[in-house]
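The values are calculated or read from the model by the stated rules, or taken from the named source; none is laboratory data. These numbers were taken from a predicted model, which means no experiment stands behind them. Here Cβ is always computed from backbone atoms with ideal geometry, including for glycine, and neighbour counts include all displayed protein chains.
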Amino acid sequence: MEEISFDDFKKLDIRMGKIISAERVEDSDKLLKLVVDFGELGASDLPAHRQIIAGLAQFYAPEALVGKECPFAYNLAPRVLAGLESQGMVLCPSDAVGPALLHPDKEVPPGSKIK
């Protein structure tokens, strides 16, 4: 694995988001379309809600994700998956069985930065 500098790490903007809706992506067995609340972002012109396309459909029912707080890579360049724009990435560990969502041990405001 390639090492990165602390300055490179500081470029990552990882924020907590709250999943407010989730649905299967049409014609895909793997993808879910999530709408994620990142809270009030103050004077920023960035939207508080973002669409995230995640490869979780084989492991999680959409309704089981609604209300979950998870960490997201917030400043990734948008990417088109299955014709839909994904505006970030959910961060989760994965093993041979599949991904596991990470959750804080107490509720935190959407948009909280991970430092």
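Does the stretch 46-90 hold any residues that are surrounded by 12 or more Cβ atoms within 10 Å (Cβ to Cβ) and on the phi > 0 side of the Ramachandran plot, and which are they? If the condition is that a residue be surrounded by 12 or more Cβ atoms within 10 Å (Cβ to Cβ) and on the phi > 0 side of the Ramachandran plot, then 82, 88 are the ones that fit. Residue 59 passes every criterion in (1) modelled with pLDDT of 95 or more; (2) aromatic (Phe, Trp, Tyr); (3) within 15 Å of the chain's Cα centre (by Cα) apart from (3). Just one of the listed residues (93, 104) is exposed (fewer than 12 other Cβ atoms within 10 Å of the Cβ) and under 22 Å from residue 10 (Cα atoms), namely 93. When the stretch 65-90 is examined, which residues are found to be among the acidic types (Asp, Glu) and under 24 Å from residue 115 (Cβ atoms)? Residue satisfying the conditions is 69 alone. Counting only strands (runs of 3 or more DSSP E) that sit completely within the stretch 4-114, those holding 1 or more residues that are among the polar types (S, T, N, Q) and out of contact with any Phe, Trp or Tyr (no Cβ under 9 Å at 6 or more places or on another chain) correspond to 14-24, 49-54, 84-86.
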